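Since the structure comes first, as C-alpha cells, the remarks are kept for the end.
No lab work stands behind these numbers, since they all come straight from the coordinates. These figures come from a predicted structure and were not determined experimentally. Neighbour counts run over all protein chains shown; Cβ positions are idealised from the backbone, glycine included.
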Amino acid sequence: MIDVAQVRELIELMVEHGLGEIRIRQEDSSITLRRGPTGEVMMYPQQMPMLPMGGAFPSGAVAPAAESAAQPLEDEGLLAIKSPMVGTFYAGPDPQSPPFLTIGAEVNPDSPVCIIEAMKVFNEIKAEVTGRVERVLVKNEQAVEFGQTLMLVRPRS
C-alpha cells in the first residue's frame, strides 16, 4: 500500500520544483501524480490492494496541491486535522462500533481519528497533532476532499 505521508511529500516536491509528473511503483501498486495547467495535482492509482469490505468511490477525483496536515487556525489557536486524500469519511472502524473519538477527547500524533475510504481501500487516519478535539466538521459517510479540514484540535500547552 502506498504511504499517504509519502504522497504528500511527493506533491510538495512537485510544487517546489515545478515538476509536471511523478510515477511511483511499490510491489503490487503504483501511482502517477500529474499537475494540470491550473497547478492542481491529480492522483491516478493504477493497481491498489483491495480489502474485503464493500463500498464505492466516485472516480475522477482531483486533489489541490498539498498543505500541512496540521495547519494552525490563528484566530482561534486551533490546529486543523485535514484529509490526506479524497474519499468517504467514516468516524468509526465499522457501523456497529462507536466513533474513534468525540469532542473533548485527547489525541496524540498516533491516535486514529477516522477512516477514509478511497477506491475500496480503507485508510486509518492519524491525528498527527497533540491536544483536545474541539470540533468535528464532517459527518459520518460524508465525501471529503484532499486537504479538507476534518477536525479542529486545541493544542496541549
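Ordered by the number of other Cβ atoms lying within 10 Å of each residue's own Cβ, fewest first, S30, S83, S111 fall into the sequence S30, S111, S83.
Using the Cβ-Cβ distance between E16 and L137 with R0 set to 22 Å, the FRET efficiency from 1/(1 + (r/R0)^6) comes to roughly 0.15. Between E76 and K120, the contour length at 0.36 nm per residue exceeds the alpha carbon distance by 12.3 nm.
The phi-based Karplus calculation (6.51 cos²θ - 1.76 cosθ + 1.60; θ = phi - 60°) puts the 3J(HN,Hα) values of the stretch 82-98 at 10, 6, x, 7, 7, x, 10, 7, 10, 6, x, x, 7, x, 7, 8, x Hz, whole numbers, x for Gly and Pro.
Multiplying the residue separation of E9 and T130 by 0.36 nm and removing their Cα-Cα distance gives an extension gain of 41.4 nm. Ordering I24, I116, I81, I125 from the fewest to the most neighbouring beta carbons within 10 Å gives I24, I116, I125, I81. If you take the Cα Rg of the stretch 70-155 and divide it by 2.2 N^0.38 Å, with N the number of residues, what do you get? Cα Rg divided by the expected 2.2 N^0.38 Å: 1.00.
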